[in-house]
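Okay, structure first, notes after.
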Amino acid sequence: MQLGMIGLGKMGGNMKLRLEKAGHQVVGYDRNPDVADVGSLGELVAALDGPRAIWVMVPAGEPTRSTVAELGALLAEGDIVIDGGNSRFTDDAVNAALLAERGIGYVDAGVSGGVWGITEGYALMVGGAEGDVERLMPIFNALKPEGEFGFVHAGGVGAGHYAKMVHNGIEYAMMQAYAEGYELLEASEHVDNVPEIFKSWRSGTVIRSWLLDLMDRALTDDPELARVKGYVEDSGEGRWTVDEGIRLRVPLPAITESLFARFTSRQEDSPAMKAVAALRNQFGGHAVKSE
């Protein structure tokens, strides 16, 4: 199958390679001319036979919205746009409506797999009309992992990114749990080899996972994580998951706390903890550390 790919970074570039290895023809566009096959979105559209399918793999938010809008002016009836970035699900209805005015289909695809997807395959959570999704199945089948798992048509437009949002919220909480366990093991006087404990958990335990495998990899490379600073960004999807929990009155204590823990990591000296220390000093005379 023929596909246009916009955005050839760590994810998009590897996805292009995986698709080409599976026999698909992929024409890529990127702002970096060194990795692009064409020099503009117009050239990309012209290089594809109709009806076209174009996968957008650029940063979420305005970059994706503006790319979809530009494609809407270039594409023709019967073409399909796939947004494979981490867009907020509320953007999907807007993008789909914009393209529908010209008879262009729209599919949202939540993609998980990171830098390992090129060999392991990409888990795909897809939203859109049944006919559009069915037409794109050769592409999805080439990208997904081998076997029966790794792909879901989650529902209509927006469902794919919604599923990916919840996926990432769960990921936040899982990473936080591993991290807290790591810190406790490091602090204990009873434990001599923290990296080997994590390694031992990779088989036979109920907490084994790919994230645990990656934690073992990180500790093998740097047993005390001395080369890593304890500063963690959030991609936005953790926040959106918590927002949805509030909107739907669904309690998400683990996911919410894991998000707040990331905020704490960015504070060199927590103002809240300063306030707690000051209060302890006021009511109990407890000592405080000066700057």
Those residues of the stretch 136-157 which are in a loop (DSSP other than H, G, I, E, B), among the small types (Gly, Ala, Ser) and within 25 Å of Gly50 (Cα to Cα), in sequence order = Gly156
Being surrounded by 12 or more Cβ atoms within 10 Å (Cβ to Cβ) and of a type outside the set (Val, Ile, Thr) is the filter here, so list the residues in the stretch 194-209 that pass it.
-> Pro195, Glu196, Phe198, Lys199, Ser200, Trp201, Arg202, Arg208, Ser209
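For the stretch 152-173, give me the residue count where each residue is hydrophobic (A, V, I, L, M, F, W, C) and surrounded by fewer than 18 Cβ atoms within 10 Å (Cβ to Cβ).
Counting residues in the stretch 152-173 that are hydrophobic (A, V, I, L, M, F, W, C) and surrounded by fewer than 18 Cβ atoms within 10 Å (Cβ to Cβ) gives 2.
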Just name the residue that is modelled with the lowest pLDDT out of those in the stretch 222-254 that are under 18 Å from Gly160 (Cα atoms) and assigned to a loop (DSSP other than H, G, I, E, B).
-> Ser235
Condition set hydroxyl-bearing (Ser, Thr, Tyr) and in a loop (DSSP other than H, G, I, E, B), scope the stretch 255-291, selection farthest from Asn168 (Cα to Cα): answer is Ser290
Could you give me the residue pairs with C-beta distances under 7 Å whose first residue belongs to the stretch 133-149 and is surrounded by 14 or more Cβ atoms within 10 Å (Cβ to Cβ), whose second residue is in a helix (DSSP H, G or I) wherever it lies, and which are 6+ apart or on separate chains?
-> Ile139/Leu19; Ala142/Arg18; Ala142/Leu19; Leu143/Met15; Leu143/Arg18; Leu143/Leu19; Pro145/Glu120
Hits in the stretch 85-99 - residues which are under 21 Å from Glu244 (Cα atoms) and either buried (at least 21 other Cβ atoms within 10 Å of the Cβ) or touching a helix residue (DSSP H, G or I) at 6+ places or on another chain (Cβ under 7 Å) (or both) = Gly85, Asn86, Ser87, Arg88, Phe89, Asp91, Asp92, Asn95
Give me the pairs: first residue in the stretch 214-236 and without any contact (Cβ under 8 Å) to a residue 12 or more places away in the chain and open to solvent by less than 60 Å² (accessible area, probe 1.4 Å), second residue assigned to a loop (DSSP other than H, G, I, E, B) and aliphatic (A, V, I, L, M), beta-carbon distance under 9 Å, and six or more apart or on different chains, which are they?
-> Ala218/Leu225; Ala218/Val228; Asp222/Val228
Going by the conditions given, is Ser265 among the polar types (S, T, N, Q), more than 23 Å from Val111 (Cα to Cα) and surrounded by 12 or more Cβ atoms within 10 Å (Cβ to Cβ)?
-> yes
Could you tell me which residue of the stretch 1-60 is surrounded by the fewest Cβ atoms within 10 Å (Cβ to Cβ), considering only residues that are polar (S, T, N, Q) and touching a residue at least 40 places away in the same chain (Cβ under 8 Å)?
-> Gln2
Could you check the stretch 23-129 for strands (runs of 3 or more DSSP E) lying wholly inside it with 3 or more residues that are farther than 22 Å from Val166 by Cβ?
-> 25-29, 53-56
Residue among Glu183, Glu196, Glu171 that alone is under 26 Å from the mean Cα position of the chain (by Cα), without any contact (Cβ under 8 Å) to a residue 24 or more places away in the chain and either outside any loop (DSSP other than H, G, I, E, B) or within 30 Å of Ile139 (Cα to Cα) (or both) | Glu183
Any chance Ala277 is in contact (Cβ under 8 Å) with a residue 40 or more places away in the chain, aliphatic (A, V, I, L, M) and either open to solvent by less than 60 Å² (accessible area, probe 1.4 Å) or in contact with a Phe, Trp or Tyr (Cβ under 7 Å, 6 or more places away or on another chain) (or both) = no
Among (1) over 19 Å from Phe151 (Cβ atoms); (2) of a type in the set (A, V, I, L, M, F, W, C); (3) loosely packed, with under 15 Cβ neighbours inside 10 Å, the one test that Trp116 misses | (1)
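The values are calculated or read from the model by the stated rules, or taken from the named source; none is laboratory data. Please read all numbers here as calculations on a predicted model, not as lab measurements. Note that we place each Cβ from the backbone using ideal geometry, even for glycine, and neighbour counts take in every protein chain shown. These accessible areas exclude ligands, DNA and RNA; they are computed on the full protein's heavy atoms, side chains included. Shrake-Rupley method; radii C 1.70, N 1.55, O 1.52, S 1.80 Å.
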